[in-house]
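Take a look at the structure set out below.
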Amino acid sequence: MNPTLNAWIDGIGFLAPGLPDWPTASAVLRGEQALIAAPSLLPAPAILPPAERRRASRVVKLTLAIGLEAAVHAAADVATLTTVFAASGADGHNCHALCEQLATDDRQISPTRFHNSVHNAAAGYWGIATHAMAPCQVICAYDASFGAGLLDALGQLLVDGQPVLLIAYDSEYPAPLHAKRDTPDCGGVALLLSPQQSERSLSRITVSPTDEPAEHLADAALESLRTSIPALRSLPMLQALARGEGGRVCLDYLAPMQLAVEVQPC
Amino acid sequence: MTPLLLSSFTATTALGCGLAATRAALANGSSGLQPCRFESVDLPTWIGEVPGVDAQVLPPALAAYDCRNNRLTQMGLEADGFADQVRAAVARYGPARVGVFLGTSTAGILQTELAYRRRDPDSGALPDDFIYRTTHNSFSLAEFTRDYFGLSGMAMAISTACSSSAKVFAAAARQLALGSIDAAVVGGVDSLCLTTLYGFASLQLTSTQACRPYDAGRDGISIGEAAAFALLERAEQAQRGDILLLGTGESSDAYHMSSPHPEGLGARLAMEAALRSAGLSGDEIDYINLHGTATPANDAAEGKAVAALFGRRVPGSSTKGATGHTLGAAGAVESVICALAIGDNLLPGSPGTENLDPAIAIDYLLQARPGKVRHALSNSFGFGGSNCSLIFGAAA
């Protein structure tokens, strides 16, 4: 038995190198403007108190930016939302600093560095910033993290009958870890998924397993983002959403299992 | 939720490898904690180390996964014939229909810590033999397990610090409910590393002696390592006495990165959600395996939440004085302990705890005692304010 996993997308948040938000990304995905290579711009999170805002790490800025963009797009109340975070790794800069210090004779690491080392650090700050006490999931599946996050987000949405905010994101490691894991920059996508259609709904998606190869993007720069930042394995689906096109796209998940997504604009 | 069958389960902790050692220790109240002599760690603390982990040899085809965390994963999978039960499920349902949902907090980061001591003196590069994906990455234990059984379907790691391997039960239950899989390997693996030992010490959360959960003089955790697993399937074929997962509840504190909500508000929400999910009232719970890390703040907050929901009516204990706090593996370890409590009708005690904190108004068990356990609740709470409660019972 293969179930029908379906949901409505009510809001989208996006951030990637050269693509600071969803309106820019969707214009590029529609072919209306070119992707101009630039480092990812991570806005200072206005939702955090000033002291926390200054200390916020890159992954915290990234997840707050895309998560809030999707919630605003859908006019959803972040304080009530169930969330699913999916990331291929934790905060790479923090991890490097810890490993570097633990390799010296002075192993007295900073307590803040330690609590920021957990894979769910960005999710923890999201809770503190939004006051959301709803369930919060944090997943890792290496390059397959977007697909894993989407599957659990759909699971929660269908079993509990509540909207779910999926926040899929990745960040870079500095040297020397960068040579072992070469994610180039911060990037991510947030989807506000709803179990019912509303006037806010942009599109319906239906997800099923397949063994077909994933769609590639015709634009080489976009295709490079798709393959180098795991959360952006979602780009073929986002391109269909940006264009308001219906149809079936296939996304990379975890070989040999792939995800086919039927997109039906509302 | 629709109850699910734990068709096989196993735990490997400082108490020993597999259920027999775990069962014996729970019955006689012994502890696996010892003063820390792990690697080159120089800290005045106690730990729950699993003996023999580094003697494990991974299959040659999976050599890229070799690290302490995956050695412990393999050791845990092969205990109690668990791996054979998984292979039988794969034969029954097919390799695409058995999912993998494993929790961890640090996976194989020890491998990276060790590699950082062997950087090239000129370039700073990490050694060629260090492989990030299959050792350090949080998914490595789940990908190893998927490859170990030749699976081809859904897999994910859940990493919400110390609630990780409780939340895997909820995630797998959702996919079983939707029919996207027919069975799930759920569990958790976390192994000793410098990041957690020095990290918890930096927060002044490690005790200089064996941890004493719910004791008036408790002063911190003892870090442990563990691998614990369960095979979840639909319960249509369950036999009388089989262990069932009856309910799951998840919540967030939305309060602080490394301190629990002082009133235990998030903890209470998770327990209430688990009771709702199981369709049970608080009076139908016969034993609570508490998160009980033995930090002053955790036990005070959890105690308030348990007192508010259950008063002194339901006996409970933390088993971390026996196993240590196994972090991302704790949820799975303590789920297995709940399954043993139900199967053996034995309520575990709390090795190390002597003088109960009089400020915590719950029925806390110092010693193991026999008693009918129809339903057991397990609490797991983590950094970032991530909470998960699970309820187990027996098939009628």
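For region A:5-199, pairs of C-alpha atoms spaced more than 27 angstrom apart make up 29 percent of the total.
The alpha-carbon of residue A:180 sits under 20 angstrom from the alpha-carbons of these aspartates and glutamates, leaving out residues fewer than 8 places away in its chain: A:91, A:100, A:143, A:170, A:172, B:66, B:113, B:120, B:122, B:128, B:129, B:143.
3J(HN,Hα) couplings calculated from phi for region B:240-252 with the Karplus curve 6.51 cos²θ - 1.76 cosθ + 1.60 (θ = phi - 60°) are, in sequence order, 3, x, 4, 7, 10, 8, 9, x, 9, x, 10, 7, 10 Hz; Gly and Pro show x. Pair-distance distribution P(r) for region A:80-190, from all Cα-Cα distances in 10 Å bins starting at 0: 14, 39, 31, 13, 3, 0 percent. Both radii were evaluated on the Cα set of the protein assembly as shown; the Rg over Rh quotient, with Rh as the Kirkwood radius, amounts to 0.95. Positive contributions from Lys and Arg (+1) and negative ones from Asp and Glu (-1), summed over other residues with Cβ under 12 Å from the Cβ of residue B:368, come out at +1.
The distance separating the Cα centre of region A:150-221 from that of region A:116-141 comes to 16 Å. Pairs of Cα atoms nearer than 8 Å and 6+ residues apart set the relative contact order; for chain A it is 27 percent.
Based on alpha carbons, the Rg and Dmax found for chain B are 19.5, 67 Å.
Applied to region A:255-266, the Karplus parametrisation 6.51 cos²θ - 1.76 cosθ + 1.60 on θ = phi - 60° returns per-residue 3J(HN,Hα) values of 3, x, 8, 10, 10, 8, 10, 8, 10, 10, x, 8 Hz, with x for Gly and Pro.
For residue B:244, the residues whose modelled amide H falls within less than 5 Å of its own, excluding neighbours fewer than 5 places apart on the same chain, are B:6, B:393, B:394, B:395.
Sorting A:27-37, A:88-98 by average packing, meaning the other beta carbons within 10 Å per residue, from highest down gives A:88-98, A:27-37.
Restriction of the trypsin sites (Lys or Arg not before Pro) in region B:33-95 to DSSP coil positions whose beta-carbon has at most 10 other beta-carbons within 10 angstrom yields B:37. Taking 21 Å as the straight-line reach from the Cα of residue B:304, the lysines in range (excluding those fewer than 8 positions away in the same chain) are B:320. Only one residue of B:20, B:90, B:328 has its Cα farthest out toward the positive end of the dipole of region B:4-394, where Lys and Arg carry +1 and Asp and Glu -1 on Cβ, and that residue is B:90. Taking every residue in A:166-179 and counting other chain Cβ atoms within 10 Å of its Cβ, the average works out to 2. By how many degrees, 0 to 90 and rounded to 10, does the Cα axis of helix A:92-102 deviate from the longest principal axis of chain A? With rounding to tens, the tilt is 30 degrees.
Couplings for region A:128-141, taken from phi via the Karplus curve 6.51 cos²θ - 1.76 cosθ + 1.60 with θ = phi - 60°, read 5, 6, 9, 6, 7, 9, 5, x, 9, 9, 9, 10, 9, 9 Hz in order; Gly and Pro are left as x. For region A:139-183, the relative contact order comes to 25 percent (Cα pairs under 8 Å, sequence separation of at least 6). Stretching residue B:369 away from residue B:209 to a fully extended chain increases their span by 55.1 nm, per 0.36 nm per residue minus the current alpha-carbon distance.
Calculated mean residue ellipticity, 222 nm, chain A: -10000 deg cm²/dmol, from DSSP H runs (n ≥ 4) at -39500 (n - 2.57) each, averaged per residue and rounded to 500. To the nearest 0.05, what FRET efficiency results for residue A:46 and residue A:110 with a Förster distance of 25 Å applied to their C-beta separation? Efficiency at R0 = 25 Å is approximately 0.45. For residue B:87 and residue B:61, a Förster radius of 22 Å and the Cβ-Cβ distance give a FRET efficiency of 0.85, rounded to the nearest 0.05. Axis of helix A:58-74 versus longest Cα principal axis of chain A: the two differ by about 30°, to the nearest ten degrees. For the residues of B:248-260, the average number of beta carbons from a partner chain within 10 Å of their own beta carbon is 6. Near the amide H of residue B:216, within less than 5 Å, lie the amide hydrogens of B:355, B:356, B:357, all on another chain or at least 5 residues away, with H placed in the peptide plane.
A simple spin-label model places the labels of residue B:240 and residue A:53 6.6 nm from each other, with each point 7 Å out along Cα-to-Cβ.
Laboratory data are not the source of any read-out in this text; all were calculated from the coordinates shown. Since we're looking at a predicted model, the values are computed, not measured. Every residue, glycine as well, gets a Cβ built from its backbone with ideal geometry; the counts of neighbours run over all protein chains shown.
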